[in-house]
Amino acid sequence: MLAMNKLRITGVIFLTVAAAAVVSSCSDKKSTGWEYARNMYDPLAFNPDQPNKHFANGQTAQTPPAHTMPVGFDEPETDYPNTPEGYQSAGLNLKNPLPLTKANLEEGKMLYAQMCTQCHGLTGKGDGSIVKLEKFPAPPSYSTGQSSRGGGMNELSDGKIFHTITYGVNMMGPHRYQLTPTERWKIVQFVHELQKLQ
């Protein structure tokens, strides 16, 4: 008997609360409810495209000062411009500063898989997934192909590979903003391994 009364009381309380919730939620259609932590919804920072009275030109997105570059992008290619002469000079003078270690090769292989295999293929034969769509020409094989700039692909030096990754060539776009110099040098090491494959 006592358990039955507790069950009825609990049921009545539940129904009363549910009815109050339904009535209060339907009463004002224009209300969005209470807000919690309003500063989480309205950020204080400016968006890059918003006007900004704190700068003389009124823009939020400012042009970086001359001769500056992002953290981690200490670019050696500034001495080797995106010209045929810069490419040849990089090929003669630019050497990989990283030691040839198993860790560097493994990271180079991973970066190559992420950034290069779509066109160059897993083994550097120029048979990547994009090429298989037959809408883009195949890049030359690292081991047997001829470079569009002259010479065999298996003869490309550190500097020539680094310069090409940095600035791109033909259908290949530049990767200087997607990969840090250190990451590019690791890919160079892995490409040298692919040059040895037959």
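Numbers at a glance
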{"read-out": "Residues satisfying the stated conditions in region 169-181, i.e. surrounded by 16 or more Cβ atoms within 10 Å (Cβ to Cβ) and outside any loop (DSSP other than H, G, I, E, B)", "value": "169, 181"}
{"read-out": "Residue satisfying all of: in region 1-29; among the charged types (D, E, K, R) and at pLDDT below 70; farthest from residue 61 (Cα to Cα) among these", "value": "28"}
{"read-out": "Residue check for residue 66: among the hydrophobic types (A, V, I, L, M, F, W, C), under 30 Å from residue 165 (Cα atoms) and at pLDDT below 80", "value": "yes"}
{"read-out": "Test: residue 135 is part of a loop (DSSP other than H, G, I, E, B), over 22 Å from the mean Cα position of the chain (by Cα), at pLDDT below 85 and more than 18 Å from residue 88 (Cβ to Cβ)", "value": "yes"}
{"read-out": "Residues of region 100-113 classified as surrounded by 15 or more Cβ atoms within 10 Å (Cβ to Cβ) and either part of a loop (DSSP other than H, G, I, E, B) or of a type in the set (Ser, Thr, Tyr) (or both), total", "value": "1"}
{"read-out": "Count - residues of region 146-192 that are acidic (Asp, Glu) and either modelled with pLDDT of 90 or more or under 19 Å from the mean Cα position of the chain (by Cα) (or both)", "value": "2"}
{"read-out": "Residues of region 114-137 satisfying the condition of being of a type in the set (A, V, I, L, M, F, W, C) and either surrounded by 18 or more Cβ atoms within 10 Å (Cβ to Cβ) or under 17 Å from residue 195 (Cβ atoms) (or both)", "value": "116, 119, 122, 131"}
{"read-out": "Test: residue in region 151-159 that is in contact (Cβ under 8 Å) with a residue 60 or more places away in the chain, assigned to a helix (DSSP H, G or I) and out of contact with any Asp or Glu (no Cβ under 9 Å at 6 or more places or on another chain)", "value": "yes"}
{"read-out": "Qualifying residue in region 83-92 (condition: in a loop (DSSP other than H, G, I, E, B) and modelled with pLDDT under 90)", "value": "yes"}
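The values are calculated or read from the model by the stated rules, or taken from the named source; none is laboratory data. Treat the numbers as computed from the prediction; the structure is a model and nothing was measured. Please note: Cβ atoms are built from the backbone with ideal geometry, for glycine as well, and neighbour counts cover all protein chains shown.
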